[in-house]
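Below: the structure, in structure tokens.
The values are calculated or read from the model by the stated rules, or taken from the named source; none is laboratory data. Every value quoted in this text rests on a predicted model; they were computed, and no experiment measured them. Please note: Cβ atoms are built from the backbone with ideal geometry, for glycine as well, and neighbour counts cover all protein chains shown.
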Amino acid sequence: MEMNELFGLAKEAALKSYSPYSKFRVGAALLCDDGSVVCAANVENRSYGLSICAERSAIVSAIAQGKRKFAALAVACPDAEYPVSPCGACRQFISEFVEKGFPVRFGASDESFVDTNMEELFPYDALHELADR
């Protein structure tokens, strides 16, 4: 699956967001190594600390389905005027399950996006070093 198609699925997922407080919809599409795609949206709560980002929601859903290996991630923020990257909590969470070269696209639209990888998003990840002990 190409990143353009994966990003399209993330944009569709964003439309399902529950974001009555921020009005900031986010969708994620996680490509699994078996070719399946798990999509999710951000879900807010009156207590912002209990909200969950689309990226983490997609990974949690995939793990609950027994999936453990992932090939790419696309994140869409259609209410943004520019590409909004995954937050710090999501970067930490994503890094638990992927390698440094894992491709990530984040963007506001088909014309406004960034293609990067996990190492660029989270350059000083010590988790993989700890796992190698």
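Consider the stretch 39-49 and keep the residues that are of a type outside the set (D, E, K, R) and closer than 15 Å to residue 17 by Cα. The one that is modelled with the lowest pLDDT is 48.
Of all the residues in the stretch 18-30, those that are out of contact with any Pro (no Cβ under 9 Å at 6 or more places or on another chain) and surrounded by fewer than 23 Cβ atoms within 10 Å (Cβ to Cβ) number 7.
Residues satisfying the criterion are absent from the stretch 82-92 (criterion: in contact with an Asp or Glu (Cβ under 6 Å, 6 or more places away or on another chain) and among the polar types (S, T, N, Q)).
A single entry from 120, 111 fulfils the requirement of being surrounded by fewer than 16 Cβ atoms within 10 Å (Cβ to Cβ) and part of a loop (DSSP other than H, G, I, E, B): 111.
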